[in-house]
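Heads up: the structure comes next, in C-alpha cells.
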Amino acid sequence: MDEKRATAFGLMKIDEEGRIIEFAEKPKGDQLKAMKVDTTILGLDDERAKEMPFIASMGIYVISKNVMLDLLHEKFPGANDFGSEVIPGATSIGMRVQAYLYDGYWEDIGTIEAFYNANLGITKKPVPDFSFYDRSSPIYTQPRYLPPSKMLDADITDSVIGEGCVIK
C-alpha cells in the first residue's frame, strides 16, 4: 500500500520470511515510517515495492478452529478486535503469524461513502476499477432465482443493474 492510504489501515511489519512481527492500527508520523517494509519479500517487483512499502490488513484471516478458540478463550478472553488485539497479541507471545500479499482489487467499504464509491467504480469508462466479466477470474456466487429486471420509462447510463430490479 502507498503512504497516502496507509494511515487509514492497520499495518503489519514483517520479517524476511513474511512473518508478522509488529502490527500498528492507523499509524501516523514516525510510527508510520517505522512500519515500512521491503514488500519484495512477498512478491512485488522492485518498482512496485518502492511505490507500496506498507502492508495493510484486509481483515481476512485464515486460522484453525482450535487455535482460534485458544486465542479467544484462553490467551485473550477480553479482546474486542481481532486485527488490533488478537493478531498483535499472538505475535507478542511468539505464535507464527504469516502475512500473505493479495495484489488484486480490494477496497475498504467500511463507510457508506466508501461503499458508494466502490460501487460507482465498477461503472467507470473505459475500464472499471473491477470487472465482474473477466473470464480469467470468474466470480462464483450463490444462484438466486429472481425475475428479470424491468425498466419503466427510464434513461440509464453507466450502471450495473442486478436481477429483480424495477427501475421507474
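All of the numbers you see were taken from the coordinates with simple rules; none came from a lab. This one's a predicted model, so the numbers in the text were calculated from it and none came from an experiment. Here Cβ is always computed from backbone atoms with ideal geometry, including for glycine, and neighbour counts include all displayed protein chains.
In the stretch 12-120, what trypsin sites (Lys or Arg not before Pro) fall in a loop by DSSP, with at most 13 other Cβ atoms inside 10 Å? Mind showing how you got there, number by number?
Working: sites: Lys13, Arg19, Lys28, Lys33, Lys36, Arg48, Lys50, Lys65, Lys75, Arg96; in loops: Lys28, Lys36, Arg96.
Listed in order of number, the matching sites are Lys28, Arg96.
Sequence gap of 8 or more, or different chains, plus Cα separation below 27 Å: how many lysine pairs satisfy both in the chain?
28
Cut-off is 10 Å between beta-carbons; in what order do Leu71, Leu152 appear when sorted fewest neighbours first? Display every interim value, and only then the final one.
On the way: Leu71 21, Leu152 7.
Exposure proxy ranking, most exposed first: Leu152, Leu71.
Using the basic label-point model (7 angstrom from Cα toward the beta carbon), what is the Ile139 to Arg19 distance in nanometres?
For the pair Ile139/Arg19, the computed spacing is 3.9 nm.
For the stretch 101-168, which GluC sites (Glu not before Pro) are in a loop by DSSP, counting at most 11 other Cβ atoms within 10 Å?
Details: sites: Glu107, Glu113, Glu163; in loops: Glu107, Glu163.
Here the GluC sites (Glu not before Pro) that fit, given the DSSP loop and packing criteria, are Glu163.
Under the rule a/c < 1.5 gives rounded, and otherwise a/b versus b/c splits prolate from oblate, where does the stretch 3-92 land using the Cα gyration tensor?
The shape class here is prolate.
Under a Cβ-only charge scheme (Lys and Arg +1, Asp and Glu -1), can you give me the dipole magnitude of the chain about the Cα centre, in debye to the nearest 20?
Working: 19 positive and 27 negative charges, 73 e Å.
About 360 debye.
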